[in-house]
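Asker: If you scroll down you'll find the structure; I have some questions about it.
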Amino acid sequence: MLFNSYSFILLYLPITFAIFFAVGARRPLYAAAWLAAASLFFYGWWNPVYVFLLLASIAFNYTIGRILAQGHGAPDGKASKAVLTFGIAADLLLLGYYKYANFFLDAAASLSGTDAGLSLGDIVLPLGISFFTFTQIAFLVDTYQGKVKETNFVHYVLFVTYFPHLIAGPVLHHKEMMPQFADTANYRPNFERISVGLTFFAIGLFKKAVLADGIAPYANVSFKAIADGQTLTFLEAWGGSLAYSFQLYFDFSGYSDMAIGLSWLFGVRLPLNFDSPYKAVNIIEFWRRWHMTLSRFLRDYLYIALGGNRKGPVRRYANLLITMLLGGLWHGAGWTFVFWGALHGLYLVINHWWHALRSKLGFPSGEGSFLGRLTARAITFVAVVVAWVFFRAEDLGDAFTMLYGMAGLSGISLPTGLAGHFGPLVGVLARFGIGFDLGGGTNFVLTYLWVIGLAFVAFLLPNSQELLARHDPSLASHATSAPGAPARNLLGWTPSRTWALAMGVMLAVGLLTLARVTEFLYFQF
């Protein structure tokens with residue numbers, strides 16, 4: 001079931017919401033059980049068989065967690081560490097089988113020079129397996145470290161299955177969510193909370209159904225052309241890459257807003273997972289804004305476990321590369337994702353090295369000039385767009401073909417239909433190697449109109465958290481306090497008729513586009 005579907009919006013959500021608060025007024029624990037059951041139904045709508053896999057994972061990790069909780073503080077911690085290692089290994093083996101088994105077999109076959117690689121057949125990837133696996137690994141580690149205080153089984157099931165996060169995140173921390181599930185005040189409806197939640201949902205639906213899905217065809221045309229063996233000229237390649245960059249941006253931003261809004265309807269704050277990442281002035285800041293809970297997980301449970309920055313700069317850079325390589329592989333079982341992760345790891349190494357060099361040379365690390373911030377933001381954005389090519393391409397060959405065009409090595413040309421609008425400038429353009437090709441004029445113009453329009457929204461308008469900052473429906477500090485960020489309350493939302501009308505129009509437009517329902521891009525991860 002998709003957030004952006006009539007079955008979810010008109011049936012599932014109203015029924016779940018009504019029964020939750022009807023029961024919650026008298027029996028909060030029963031209401032929590034109802035929400036957990038409804039979340040399992042939500043998950044099972046896609047494939048009922050995998051509900052049993054999810055339940056088995058929950059039962060296993062809850063049992064391991066209870067064993068760890070009972071052993072915490074014992075004089076000999078070796079037994080607890082062995083239990084923790086066993087639990088994490090079992091989780092990773094489950095994830096590895098469904099997500100990576102055939103990839104690793106193919107890689108082994110390629111390295112050994114075998115023509116036909118081994119295969120386990122077609123393995124259907126359970127939706128959200130990466131998210132509920134990482135969520136439970138974090139639970140086991142926190143339990144081992146004595147951070148888990150509440151172990152109610154119903155609340156634990158709800159913590160793992162909670163439908164606003166189950167399919168595409170955010171990755172949750174037990175200590176953030178369990179106190180909220182135990183708070184009886186959250187089982188009573190609140191008008192302001194419902195208004196804020198619906199506003200977030202309306203904004204997210206508009207981003208997904210209108211903006212992301214609107215620009216998607218122009219990205220798909222370019223990458224399909226590459227997959228079919230065509231080469232793209234400079235402007236065509238950049239048009240397709242930018243179109244995909246903004247499609248992914250508004251797709252994931254839309255999902256994140258909808259998840260926060262849906263959760264806030266039930267009185268539960270989800271951690272902020274997306275905060276205008278294209279406004280970042282460097283790659284370090286980008287990863288503090290993009291998929292923030294995944295970044296937090298990789299930092300807390302992988303990078304720090306590898307030694308972090310405690311063992312010198314060389315080891316620190318190696319840890320960054322390893323962390324981002326595994327982060328890339330987390331996104332998908334393919335060499336394109338591995339290369340994407342490695343590229344971002346290299347970006348981070350360069351960024352940290354540059355900061356260290358500036359510090360040694362005595363350059364200030366303050367806000368900098370407006371022009372300096374603008375330049376830094378542009379460089380960061382271009383680096384991110386280049387990396388997204390690997391994220392989207394079918395294989396490494398297609399990715400390098402796209403980058404070949406983006407580098408201008410396939411030439412620079414404009415559609416012939418535009419030649420009449422340039423007049424005498426046609427000759428001037430020709431001197432600079434810019435020609436005109438037949439066909440594609442309409443697609444070319446529409447691609448760049450979409451790109452310019454969405455760039456205006458992404459770079460210059462306040463984001464959802466800024467619009468509703470007074471009501472703070474998420475669990476995180478705002479990265480948008482960074483230098484150069486727009487004022488958080490520039491267009492501050494209030495429960496007024498004007499805003500109600502604006503959100504009503506936005507929701508209506510989003511609903512009217514649902515005839516072409518598409519999955520969120522992060523569902524495949």
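Asker: Excluding same-chain residues fewer than 8 positions from Lys78, which lysines have a Cα within less than 24 Å of its Cα?
Answerer: Lys147, Lys149
Asker: Is it possible to state the helix-based mean residue ellipticity at 222 nm for the chain, with each DSSP H run of 4+ residues giving -39500 (n - 2.57), the sum divided by total residues, to the nearest 500 deg cm²/dmol? What is it?
Answerer: Result for the chain, helices only: -20500 deg cm²/dmol.
Asker: What is the order of Ile226, Ile19, Ile379, fewest Cβ neighbours within 10 Å to most?
Answerer: Ile379, Ile19, Ile226
Asker: Jot down the per residue volume, in cubic angstrom and as a whole number, of the convex hull over the alpha-carbon atoms of segment 117-172.
Answerer: About 122 Å³ per residue, rounded to a whole number.
Asker: Sort all Cα-Cα distances of segment 1-157 into consecutive 10 angstrom bins from zero, then give the percent of pairs in each bin up to the one containing the longest distance.
Answerer: With a bin width of 10 Å, the distribution comes to 10, 27, 29, 22, 10, 2, 0.
Asker: Within 10 Å, count the other beta carbons around each residue, average over each peptide in 248-261, 276-289, 424-437, and list them highest first.
Answerer: Those peptides, ordered most packed to least, come out 248-261, 276-289, 424-437.
Asker: Taking 0.36 nm per residue of separation and subtracting the Cα-Cα distance, what length does fully extending Tyr448 through Arg470 add?
Answerer: Stretched fully, the Tyr448-Arg470 segment lengthens by 4.4 nm.
Asker: Using the scaling law 2.2 N^0.38 Å as the reference, what is the normalised Cα Rg of segment 260-330?
Answerer: 1.32
Asker: Filter the chain for me: DSSP H helices, axial length by Cα at least 20 angstrom, mean Kyte-Doolittle hydropathy not below 1.0. List them by residue number.
Answerer: Result, helices passing both filters: 28-44, 49-71, 129-144, 191-206, 370-392, 441-460, 497-512.
Asker: Amide H of Phe436 versus every other amide H placed in the peptide plane: which residues, excluding those fewer than 5 positions away on the same chain, fall under 5 Å?
Answerer: Residues meeting the amide H criterion: Leu414.
Asker: Please tell me which of these pairs span more than 25 angstrom C-alpha to C-alpha: Lys208/Lys279; Lys224/Lys279; Lys81/Lys175?
Answerer: Beyond 25 Å: Lys224/Lys279.
Asker: Most exposed first by the Cβ proxy, i.e. fewest other Cβ within 10 Å, how do His174, His331 rank?
Answerer: Placing the least packed residue first, the sequence is His331, His174.
Asker: Where nothing but the Cβ of Lys and Arg (+1) and of Asp and Glu (-1) is charged, how large is the charge dipole of segment 194-524 around its Cα centre, in debye to the nearest 20?
Answerer: Charge dipole of segment 194-524: 1120 debye, to the nearest 20.
Asker: So if I take the alpha carbon set of segment 153-292, get Rg, then get Rh from the Kirkwood formula, what is the Rg over Rh ratio?
Answerer: Rg/Rh for segment 153-292 comes to 1.09.
Asker: Can I get the semi-axes of segment 1-80's equivalent ellipsoid? Compute them from the C-alpha gyration tensor as square roots of 5 times the eigenvalues, in angstrom, largest first.
Answerer: Result for segment 1-80: semi-axes of 34, 18, 8 Å.
Asker: What does the extension gain come out to for Leu93 and Thr518, with contour length at 0.36 nm per residue minus their alpha carbon separation?
Answerer: Result for the pair: 149.9 nm of gain on full extension.
Asker: While we're here: Along the principal axes of its C-alpha atoms, what lengths does the chain span, in descending order and rounded to whole Å?
Answerer: Largest first, the chain extends 79, 63, 56 Å along its Cα principal axes.
Asker: Excluding residues fewer than 8 places away in the same chain, name every one of the aspartates and glutamates whose C-alpha is closer than 12 Å to that of Lys207.
Answerer: Straight-distance partners of Lys207: Asp251, Asp257.
Asker: Another one. How high is the relative contact order of the chain, given as a whole-number percent (alpha carbon pairs under 8 Å, six or more residues apart)?
Answerer: 18 percent
Asker: Ranking Ser496, Ser410 by Cβ neighbours within 10 Å, fewest first, what do you get?
Answerer: Sorted ascending by nearby Cβ count, the order is Ser496, Ser410.
Asker: Shifting gears a bit: Give me the net charge for the shell around Ala318: Cβ to Cβ below 15 angstrom, other residues only, Lys and Arg +1, Asp and Glu -1.
Answerer: It works out to a net charge of +4.
Asker: Over segment 180-238, with a single point scatterer placed on each C-alpha, what log10 of the ratio I(q)/I(0) does the Debye formula yield at q = 0.25 1/Å?
Answerer: Debye intensities relative to I(0), on a log10 scale: -0.97.
Only the coordinates and a few stated rules stand behind these numbers; no lab work does. For clarity, every value in this text was computed on a predicted model and none was experimentally measured. Using ideal geometry, Cβ is built from the backbone for each residue, glycine included, and neighbour counts are taken over all protein chains shown.
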